[in-house]
1. Got a sec? Charge dipole of the chain, +1 on Cβ for Lys and Arg, -1 for Asp and Glu; which of LEU63, VAL90, MET137 is way out at the positive end?
2. Which order do you get for ILE79, ILE35, ILE152 if you rank them by accessible area with a 1.4 Å probe, largest at the top?
3. What 222 nm value per residue comes from the helices of the chain, counting each DSSP H run with n ≥ 4 as -39,500 (n - 2.57) and dividing by all residues, nearest 500 deg cm²/dmol?
4. Compute the long axis of helix 57-68 from its Cα atoms, compare it with the longest principal axis of the Cα atoms of the chain, and write down the angle in degrees, 0 to 90, nearest 10.
5. To test your reading of the geometry: what angle, between 0 and 90 degrees and rounded to tens, separates the Cα axis of helix 121-136 from the longest principal axis of the chain?
6. Compute the Kirkwood hydrodynamic radius of the stretch 20-78, taking the inverse of the mean of 1/r over all pairs of distinct Cα atoms, and give it in Å to one decimal.
7. Rank these by accessible area, largest first, 1.4 Å probe: ASP121, ASP16, ASP111.
8. To the nearest 20 Debye, how big is the dipole of the stretch 22-157 about its Cα centre, given +1 on the beta carbon of each Lys and Arg and -1 on that of each Asp and Glu?
Amino acid sequence: MPKPLNLPFDPIARADEHWRRRWGPVPAMGAITSIMRAHQILLAGVDAVVKPYGLTFARYEALVLLTFSKEGELPMSKIGERLMVHPTSVTNTVDRLVTSGLVDKRPNPSDGRGTLASITDKGREVVEAATRDLMEMDFGLGAYDAEECAEIFAMLRPLRVAARDFEE
């Protein structure tokens, strides 16, 4: 987890007060600042858990995605699509997993220009261990119960729909 700030006030609430005085009330400013700070806190927490496995959360997500596939392999383009990241990011992520011996790459026999990424036995062992550790720390969301986590998911869904992450 990130180092606690232990400030004697809520800096986001303070910024919201200043914002209101200068430009008027804009509830979205406080909301986005809170979401961005939550992202920092959560990412630092999960990255700290997966780091001993030589992973970042992005690499962990790619490994999990490969374990969800029937054969343990997917085209690089599908990985990018499912993780909603740029092809360059997928290449970087998968190449680092290859270097670590957690993933193999090979030409895609059904697409002459494409590449398949497949999880190795070592990759399966690492993703299982990292998953146990992440579940043990509730993916950093231990301050919320299951119902509250479902509410968070539901609250953020319209944003994802508006961004056209998927068809509803």
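The values are calculated or read from the model by the stated rules, or taken from the named source; none is laboratory data. These numbers were taken from a predicted model, which means no experiment stands behind them. Here the Cβ is made from the backbone with ideal geometry for all residues, glycine too, and neighbour counts use every protein chain on show. To get the accessible areas, we keep the full protein, side chains included, count just its heavy atoms, and leave off ligands, DNA and RNA. Shrake-Rupley method; radii C 1.70, N 1.55, O 1.52, S 1.80 Å.
1. Going by the charge dipole, the pick is VAL90.
2. Details: ILE79 5, ILE35 90, ILE152 60 Å².
From most accessible down to least: ILE35, ILE152, ILE79.
3. On the way: 7 runs with 103 residues, N = 168.
Helix-only estimate at 222 nm: -20000 deg cm²/dmol.
4. Once rounded, the angle reads 50 degrees.
5. 20 degrees
6. On the way: mean 1/r = 0.0694 Å⁻¹.
It works out to 14.4 Å.
7. Numbers: ASP121 120, ASP16 40, ASP111 65 Å².
Ranked from most to least accessible, the order is ASP121, ASP111, ASP16.
8. On the way: 15 positive and 18 negative charges, 124 e Å.
Dipole about the Cα centre, nearest 20: 600 debye.
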